[in-house]
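The numbers here are math on the coordinates, done by the rules we state, and not lab data. Model, not experiment: these values are computed from the prediction. Positions of Cβ are backbone-derived with ideal geometry, glycine not excepted, and every protein chain shown enters the neighbour counts.
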Amino acid sequence: MALKLDISKAYDCVEWHFLQRVMEKLGFPVDWIERVMSCVTTPSFSILINGKPYGMIHPSRGICQGDPLSPYLFLLCVEGFTALLKKAKLEGWIKGVSIYRGSPKVTNLMFADDSLLFCQATWAEGETIAEILQIYERASGQSINLEKSSAYFSSNASDSQKGQILEALGVKEVD
C-alpha cells in the first residue's frame, strides 16, 4: 500500500525544542545550533489595523515561511520522522516495498510537507504507521491533515484489510 500524507500548517507548528533536539541528534556543533535557534526564536510581529501597527507578538513555535533558512530547517524536522520509520523498518514492524525483486525496500519519499509511505497492506503495519504518526505529531507539534491524506492499495489487498487499515489511519482510499 502507498499512503500519501499532508502535514497541516507545516511551518507554523514546528516545536522549537524538537528542531533543536533533531540538530543535536544529527551531530551539529553546539555553536551552530545556538545560532540557528537564535534566528528561529527571536522574530516578533505586529498587527496592522487600519494601516497602524499594534502590539508585538512573540511566537513560541514555528519557523517563518519565506525565510531562506526555513526550508532547510523543515527538512531537519522531517528527518526526525524518517528516523522513526527507519527504526520501525529495522525492527521489522514495517517492511516497505521493492521496485523489483532483490532491490532495497523503500518505506518513504518526502516532498516538503507531503510524504509518501510504503508498507504492506496489513493491520499490523497500518497500526505501526498510526503509532509513528502519533509519536511524530506529539514530538514535533505538527499534525497530519487527514482530509488531504489518502491511501492506495494494490489489487492484492482484501476489502477487510483495506477497511481495517483505513480505520486505523483515519484516511480515505483513492483509486
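Cross-link partners for Lys162 among the lysines, with Cα-Cα distance under 20 Å and sequence neighbours closer than 8 places in the same chain left out: Lys4, Lys95, Lys148, Lys172. Mean residue ellipticity at 222 nm, helices only, the chain: -13500 deg cm²/dmol; runs of at least 4 DSSP H residues each add -39,500 (n - 2.57), and the sum is divided by the number of residues. Amide H to amide H distances under 5 Å link Ser143 with Ser8, where only residues 5 or more positions off or on other chains count and H is placed in the peptide plane.
Any idea how far the Cα center of segment 136-152 sits from the one of segment 86-116, in Å? Taking the Cα centre of segment 86-116 as reference, the centre of segment 136-152 is 17 Å away. The relative contact order of the chain comes to 33 percent, based on Cα pairs under 8 Å that sit 6 or more residues apart. Computed from backbone phi with θ = phi - 60° and the Karplus coefficients 6.51, -1.76 and 1.60, the 3J(HN,Hα) list for segment 92-106 is x, 7, 10, 10, x, 10, 9, 6, 8, 4, x, 7, x, 8, 9 Hz; x is used for glycine and proline.
Extension gain for the segment Thr82 to Trp32, taken as residue separation times 0.36 nm less the Cα-Cα distance, is 15.8 nm to one decimal. Label-to-label distance, Glu91 versus Thr122, with points set 7 angstrom from Cα along the beta-carbon direction: 1.6 nm. Among Val78, Val30, Val106, the largest mean-square fluctuation in a Gaussian network model of the chain, built with springs joining Cα atoms closer than 10 Å, belongs to Val30. In a reduced charge model with +1 at each Lys and Arg Cβ and -1 at each Asp and Glu Cβ, the chain shows a dipole moment near 240 debye about its Cα centre. Exposed loop sites here mean GluC sites (Glu not before Pro) with a DSSP loop assignment and at most 12 other beta-carbon atoms within 10 Å; the chain contains its longest site-free run at 1-90. Is the chain rounded, prolate or oblate when judged by the Cα gyration tensor, a ≥ b ≥ c being the square roots of its eigenvalues, rounded requiring a/c under 1.5 and prolate requiring a/b larger than b/c? Prolate shape, in that a/c is at least 1.5 and a/b is the bigger ratio.
For segment 18-117, the set of chymotrypsin sites (Phe, Trp or Tyr not before Pro) satisfying both a DSSP loop assignment and a count of at most 12 other C-beta atoms within 10 Å is given as Tyr100. Taking a Cβ cut-off of under 15 Å around Lys87, the surrounding Lys, Arg, Asp and Glu residues balance to a net charge of +1, with basic ones at +1 and acidic ones at -1. Is any residue of segment 112-147 close enough, with backbone N under 17 Å, to a label point placed 7 angstrom from the Cα of Val174 along the Cα-Cβ axis, and if so, which? Of the residues in segment 112-147, 112-119, 144-147 have backbone N under 17 Å from the label point off Val174. Label point 7 Å out from Cys64 along Cα-to-Cβ: which residues of segment 20-42 have amide N under 16 Å? Counting only backbone N, you get 35-42. Across segment 20-87 the C-alpha pair distances fall into 10 Å bins from zero in the proportions 17, 40, 27, 11, 4, 0 percent.
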